[in-house]
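Peer 1: First the structure, then my questions, so here it is.
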Amino acid sequence: MERRTSIPANALIWFGAGVSLAEILTGTFFAPLGFRDGGIAIVVGHIIGCALLFLAGLIGARTRRSAMETVKMAFGARGGLLFAALNVMQLIGWTSIMIYDGALAANSVMDAGHWLWCFVIGILIIVWIRIGILRIERVNAVAMTGLFLLTVLLCSVIWGSAETTGSAAGETMSFAMALELSIAMPLSWLPLISDYTREAERPAAAAAVSALVYGLVSCWMYFIGMGAAILTGESDIAQIMLHAGLGAAGLGIVILSTVTTTYLDAYSAGVSSESIVRSVSGRTVGIGVTVLGAAAASLYPMDDITGFLYIIGSVFAPMIAVQIASYFLLREDAAGRSVHTVNLAVWFIGFLCYRWLMTLDTPVGSTLPTMAITLLLALLAHRVFERKKVESNTSK
């Protein structure tokens, strides 16, 4: 009998994904908006992003297909390869960024050398990959319990230092750009979530729990980052932990959060590679991606990820809009076709639309209008081309 992951296992996986230094650091960028506007941007952005995350996970859970295999249902077998390749590239980028951030923070807490911490974190991620997604539930339960307690301790330290400084750190940011940064983080998981929900015992519940747990924890991380920047005037989380006397505990937060998040990136890079080349081993590729990411993290600076997040949004927001139209509204399955040219063209228009809207700084950001336009274009294009196909068949 095929083994399936339980609902608690899915919750633990996405709790680990949400507890991330990258999310805490992104939260610090919201400080100039203040608690009220920054908090609204965080919550609204995550509601939008996690609703999309749920829909993406639901497609994979219902069809029992990996994330990139579900993309082929909308864009065709060869058309889906484009997104599989783009996804592998973004996951290599995320793996490098996460190891870099983790090593930088760990080295601030315990100075042992940046390259050495890259090596240590890389080894631990490989251990997680070797354990495997279906056998990691008990390991994750222990790790997540410890991580939860450590993160609560970190949160109490930050909020307990409210009276010390009270200055907001960071450059000026508009509400629309903050909203985009909040949406972009859940969007970055869209091409991954089905790699985990496809193994679930209860498809719809697994997708819902995954999106809900990730959304709540991610918001928590953003608020920690924003609170640290506003209340202490400090945006370096490692320094906050160090000054608060959280030496060993702070190091535990850094290492565990980096490993449990980056493991998902490296593992899914392997799963996505299987959609490109059937003969490869996803686990082996995941280990290779980890090695590459650790090497890149030890050699290159990766301090500002905002541009990277916006690129992710411009690629994957119109992609999921086409998938929603194709799967939920049009009931299409183009996996048997080579390329769904129409859907691919609609996605490209959506991509250009997102990049153009970013230059306008609209009150609602770029994601929502891009998705609305892309969704409508997909439905309209289907209607026009289906009508032409019917007329062509009738004329024969």
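Peer 1: Would you say T63 is buried (at least 24 other Cβ atoms within 10 Å of the Cβ) and hydroxyl-bearing (S, T, Y)?
Peer 2: Values: buried (at least 24 other Cβ atoms within 10 Å of the Cβ): no; hydroxyl-bearing (S, T, Y): yes.
For T63, the condition - buried (at least 24 other Cβ atoms within 10 Å of the Cβ) and hydroxyl-bearing (S, T, Y) - is not met.
Peer 1: Same structure, new question: I want to confirm something. Restricting to region 207-230 and keeping residues that are over 20 Å from L179 (Cα atoms) and more than 14 Å from the chain's Cα centre (by Cα), which single residue is least open to solvent (accessible area, probe 1.4 Å)?
Peer 2: A207
Peer 1: Here is a list of conditions, (1) at pLDDT below 90; (2) under 16 Å from M185 (Cα atoms); (3) hydrophobic (A, V, I, L, M, F, W, C); (4) surrounded by fewer than 23 Cβ atoms within 10 Å (Cβ to Cβ), and M1 meets all of them except one; can you say which number that is?
Peer 2: With respect to (1) at pLDDT below 90; (2) under 16 Å from M185 (Cα atoms); (3) hydrophobic (A, V, I, L, M, F, W, C); (4) surrounded by fewer than 23 Cβ atoms within 10 Å (Cβ to Cβ), M1 is out only on (2).
Peer 1: Continuing with the same structure: Here's a check for you: in region 30-60, which residue that is under 26 Å from M319 (Cα atoms) and of a type in the set (G, A, S) is surrounded by the most Cβ atoms within 10 Å (Cβ to Cβ)?
Peer 2: That would be G57.
Peer 1: Say whether the condition of being farther than 18 Å from L216 by Cα and open to solvent by 20 Å² or more (accessible area, probe 1.4 Å) is met by at least one residue in region 7-21.
Peer 2: Going through region 7-21, the residues farther than 18 Å from L216 by Cα turn out to be none.
No, region 7-21 contains no residue that is farther than 18 Å from L216 by Cα and open to solvent by 20 Å² or more (accessible area, probe 1.4 Å).
Peer 1: Also: Scan region 69-89 and tell me whether some residue there is of a type in the set (D, E, K, R), over 16 Å from the mean Cα position of the chain (by Cα) and part of a helix (DSSP H, G or I).
Peer 2: Yes; the residues of region 69-89 include at least one that is of a type in the set (D, E, K, R), over 16 Å from the mean Cα position of the chain (by Cα) and part of a helix (DSSP H, G or I).
Peer 1: Could I ask something else about it? Please go through region 339-348 and give me each residue that is of a type in the set (V, I, T), crowded, with 16+ Cβ neighbours inside 10 Å and in a helix (DSSP H, G or I), ordered by number.
Peer 2: Applying the first criterion (of a type in the set (V, I, T)) to region 339-348 yields 339, 341-342, 346.
From what's left, crowded, with 16+ Cβ neighbours inside 10 Å: 339, 342, 346.
The answer is V342, V346.
Peer 1: Do you know which of the residues in region 106-118 that are assigned to a helix (DSSP H, G or I) and under 15 Å from A294 (Cα atoms) is most open to solvent (accessible area, probe 1.4 Å)? It would help to see each step written out before you state the result.
Peer 2: First, pick out the residues of region 106-118 that are assigned to a helix (DSSP H, G or I): 106-109, 114-118.
Among the residues that remain, those that are also under 15 Å from A294 (Cα atoms) are: 106-107, 114-118.
On the way: A106: 0, N107: 37, H114: 40, W115: 166, L116: 59, W117: 28, C118: 1 Å².
Among residues in region 106-118 that are assigned to a helix (DSSP H, G or I) and under 15 Å from A294 (Cα atoms), the one most open to solvent (accessible area, probe 1.4 Å) is W115.
Peer 1: Residue under question is A204, and the condition is that it be assigned to a helix (DSSP H, G or I), aliphatic (A, V, I, L, M), surrounded by 14 or more Cβ atoms within 10 Å (Cβ to Cβ) and at pLDDT below 90; does it hold?
Peer 2: yes
The values are calculated or read from the model by the stated rules, or taken from the named source; none is laboratory data. Please read all numbers here as calculations on a predicted model, not as lab measurements. Quick reminder, even Gly has a Cβ in these numbers, built from the backbone with ideal geometry, and neighbours come from all protein chains shown. Each accessible area value is taken on the protein alone, full model and side chains, heavy atoms only, with ligands, DNA and RNA left out. Shrake-Rupley method; radii C 1.70, N 1.55, O 1.52, S 1.80 Å.
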